[in-house]
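Enquirer: Got a structure for you, written out below as structure tokens; questions coming shortly.
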Amino acid sequence: MKMRQLGAAGFEVSEVGLGCWQIGGNWGEGVNREIALEILATAAGNGVRFFDTADVYGDGRSEDLIGQFFKHYDGPEIRVATKFGRAAGIYPDGYTEDALRRGIDGSRERLGVEALDLVQLHCIPTEVMRQGEIFDWLRKLQAEGAIRHFGASVETVEEGLICLEQEGLLSLQVIFNLFRQKLVSELLPQAQAKGVGIIVRLPLASGLLSGRYSAQTVFAESDHRNFNRDGAAFNVGETFAGLPFETGVALVEKLKGMLPEGMTVAKLAQRWILDHPAVSTIIPGASAPDQIVRNAAASGFEPLPKALHAELAAFYEDEVKAHIRGAY
């Protein structure tokens, strides 16, 4: 596993991290405690040194499980990023310094740490970001030693650019994959110029880019890939990168015709992201330990040829771009 720097003033992270939404277990078919701890252990054993979670993943269960894991872990240092801003009573208009402090204290307790490595604003309203007061509160908590760094998870290029104006911002978490290439031209270069790290969520577009789905694939009733495929519950872009499912499946079939010999769609998708120097880490999720092994291997793949990058950029412009829905 190769390592990269998260932000100019940050810390080292593995190129492939672990998104810990699934282990929260409050969507899809759920992940029991034993499997969740096995997923975390397998990640650590495969060189993953960065976990990404949030206070609302399983109403704190994801953070709690990570805290339990660390009680018995004695390997190389693993950094943990969590998030604040989407809990009931806070989103969309309950943002106060007191609410932030209570949220931070809750995350510290569940994770079992004195100071959080990284706290990210969790897709909060654009206007709250623009007003900027919440960043002052984060800087105050940083000065007090409750958090080491702060960043923001955003949904649009506009939101990312707003956050880049904030002094001390360490990172941006973004949706960036073969189906969501808009960030290449503006947001990524500006983040890199400002020394802000990029954390990539949904690198496989909710599994579409694993290449395992067909038009007949059925998801559990409680799975966001079922109930949010058209944006009924939250930003439609967070599910299948904003593509209608059937359209996404068809586009994956076209991608299969562009694969170099011996490469899968998932390998192509993850390597493509890591070929962008502005990216610090990708955070695919996992509901089973074997998925960790496959994802972690992406760090060892050779960079894609420039000609293939050009072909994939044209594929996005000509075949994908017009079908994306949701904030972007």
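Enquirer: Quick check: is even one residue across segment 43-54 touching a Ser or Thr at 6+ places or on another chain (Cβ under 9 Å), of a type in the set (A, V, I, L, M, F, W, C), outside any helix (DSSP H, G or I) and at pLDDT below 95?
Expert: no
Enquirer: Another question, then. Can you name every residue in segment 182-227 that is of a type in the set (Gly, Ala, Ser) and out of contact with any Gly (no Cβ under 8 Å at 6 or more places or on another chain)?
Expert: First pass over segment 182-227, keeping only residues of a type in the set (Gly, Ala, Ser): 185, 191, 193, 195, 197, 205-207, 210-211, 214-215, 220, 222.
Once the filter is applied, which keeps residues that are of a type in the set (Gly, Ala, Ser) and out of contact with any Gly (no Cβ under 8 Å at 6 or more places or on another chain), segment 182-227 yields Ser185, Ala193, Ser206, Gly207, Ser210, Gly211, Ser214, Ala215.
Enquirer: When the residues of segment 151-195 are filtered to those that are within 12 Å of Tyr328 (Cα to Cα) and basic (Lys, Arg), which remaining residue is surrounded by the most Cβ atoms within 10 Å (Cβ to Cβ)? Show your work before the answer.
Expert: In the first step, residues of segment 151-195 are kept if they are within 12 Å of Tyr328 (Cα to Cα); the result is 154-160, 174-176, 179-183, 187.
From what is left, the residues that are basic (Lys, Arg) are 180, 182.
Numbers: Arg180: 23, Lys182: 17.
Among those residues, the one meeting the criterion is Arg180.
Enquirer: Yes or no: segment 196-210 includes at least one residue that is of a type in the set (Lys, Arg) and surrounded by 14 or more Cβ atoms within 10 Å (Cβ to Cβ).
Expert: Yes.
Enquirer: Any residue at all in segment 20-42 that's within 20 Å of Gly145 (Cα to Cα) and in a loop (DSSP other than H, G, I, E, B)?
Expert: Taking every residue of segment 20-42 in turn, none turns out to be within 20 Å of Gly145 (Cα to Cα) and in a loop (DSSP other than H, G, I, E, B).
Enquirer: Oh, and also: Can you name every one of the strands (runs of 3 or more DSSP E) wholly within segment 86-196 that holds 2 or more residues which are over 20 Å from the mean Cα position of the chain (by Cα)?
Expert: Answer list for segment 86-196: none.
Enquirer: May I pose another question? Looking at Ile78, Ile66 in this structure, which one is surrounded by 18 or more Cβ atoms within 10 Å (Cβ to Cβ), in contact with a Cys (Cβ under 7 Å, 6 or more places away or on another chain) and closer than 21 Å to Gly25 by Cβ?
Expert: Being surrounded by 18 or more Cβ atoms within 10 Å (Cβ to Cβ), in contact with a Cys (Cβ under 7 Å, 6 or more places away or on another chain) and closer than 21 Å to Gly25 by Cβ holds for just one of Ile78, Ile66, which is Ile66.
Enquirer: Looking at segment 223-300, what helices (runs of 4 or more DSSP H) fall wholly within it and have at least 1 residues that are among the aliphatic types (A, V, I, L, M) and over 28 Å from Gly195 (Cβ atoms)?
Expert: Numbers: elements: 224-227, 245-256, 265-274, 289-296.
Helices (runs of 4 or more DSSP H) meeting the threshold: 245-256, 265-274, 289-296.
The values are calculated or read from the model by the stated rules, or taken from the named source; none is laboratory data. As the structure is a prediction and not an experimental result, all values here were calculated from the model. Cβ sites come from the backbone with ideal geometry, for glycine too, and all protein chains shown count toward neighbours.
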